[in-house]
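Novice: Before anything else, here's the structure in question.
The values are calculated or read from the model by the stated rules, or taken from the named source; none is laboratory data. No experiment lies behind these values; they were computed from the predicted model shown. Glycine also receives a Cβ, built like all others from the backbone with ideal geometry; neighbour counts cover every protein chain displayed. Ligands, DNA and RNA are stripped out before the accessible areas are found, and what is left, the full protein with its side chains, is counted by its heavy atoms. Shrake-Rupley method; radii C 1.70, N 1.55, O 1.52, S 1.80 Å.
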Amino acid sequence: MYSNLGDVPLILHLVRELAAFERESDKVVATEPLLQDALFGAHPAAEAVIAELDGKPVGMALFFHNFSTWTGWRGLYLEDLYVTPGARGQGVGKALLKRLARIARERGCARFEWAVLTWNTPAIDFYRSLGAETLEEWRVNRVTGDALERLA
């Protein structure tokens, strides 16, 4: 189901769990007000869907649109996919990805993409089993903090 304003605390909790799993807990600086504005403010930057099992939230997918000049079409970018440890292996991750693929198709997106950490081989294998292609020749580049200030 699509998230709503009341899901912001849950989304932040799941983001923090994901960061802990990815060994980056200290990197999360998002707050409920920041996420509230990003997801439900005047100019939303992203959207989220929440997965439930037996009426309890067990995962989420947070996504936004990007654009390809090569195709001339927008795409759907999955920023975070997270399933709680107790719900893994029950089809929740696959259901979330299928939901986002349907959203991408309904919105006329030419592609659906995301990044995965190179050490997360179970996730890589899972994504490949669903037909995802790992683009080995591409590397993510990022400028933050002081480097961003200098570049600006």
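Novice: Here's a check for you: in the range 132-152, which residue that is open to solvent by 80 Å² or more (accessible area, probe 1.4 Å) and of a type in the set (S, T, N, Q) is nearest to residue 96 (Cα to Cα)?
Specialist: The extreme case among them is 141.
Novice: For the range 65-81, state whether one or more residues are of a type outside the set (S, T, N, Q), over 27 Å from residue 139 (Cβ atoms) and not in a strand (DSSP E or B).
Specialist: No, the range 65-81 has no match at all.
Novice: Under the condition of being in a helix (DSSP H, G or I) and acidic (Asp, Glu), which residue from the range 14-36 is nearest to residue 88 (Cα to Cα)?
Specialist: 17
Novice: I need the full set of residues from the range 97-129 which are closer than 23 Å to residue 67 by Cα and assigned to a loop (DSSP other than H, G, I, E, B), in order please.
Specialist: 107, 108, 109, 110, 111, 115, 116, 117
Novice: I would also like to ask the following. Would you please list the contacts, defined by Cβ atoms under 6 Å and residues six or more apart or on different chains, that run from a residue in the range 9-32 that is under 14 Å from residue 82 (Cβ atoms) to a residue that is assigned to a loop (DSSP other than H, G, I, E, B) and aliphatic (A, V, I, L, M)?
Specialist: 16/28; 19/28
Novice: Considering the range 19-57 alone, what residues qualify as being within 16 Å of residue 96 (Cβ to Cβ) and crowded, with 18+ Cβ neighbours inside 10 Å?
Specialist: Across the range 19-57, the qualifying residues are 47, 48, 49, 50, 51, 57.
Novice: State whether the residues of the range 14-22 include one that is of a type outside the set (A, V, I, L, M) and touching a Phe, Trp or Tyr at 6+ places or on another chain (Cβ under 6 Å).
Specialist: For the range 14-22, residues of a type outside the set (A, V, I, L, M) and touching a Phe, Trp or Tyr at 6+ places or on another chain (Cβ under 6 Å): absent.
Novice: Could you check the range 74-131 and list, in sequence order, the residues that are of a type in the set (Phe, Trp, Tyr), surrounded by 14 or more Cβ atoms within 10 Å (Cβ to Cβ) and farther than 16 Å from residue 62 by Cβ?
Specialist: 126, 127
Novice: Something else now. So, in the range 1-18, how many residues would count as being open to solvent by 80 Å² or more (accessible area, probe 1.4 Å) and modelled with pLDDT of 95 or more?
Specialist: Total meeting the criteria: 2.
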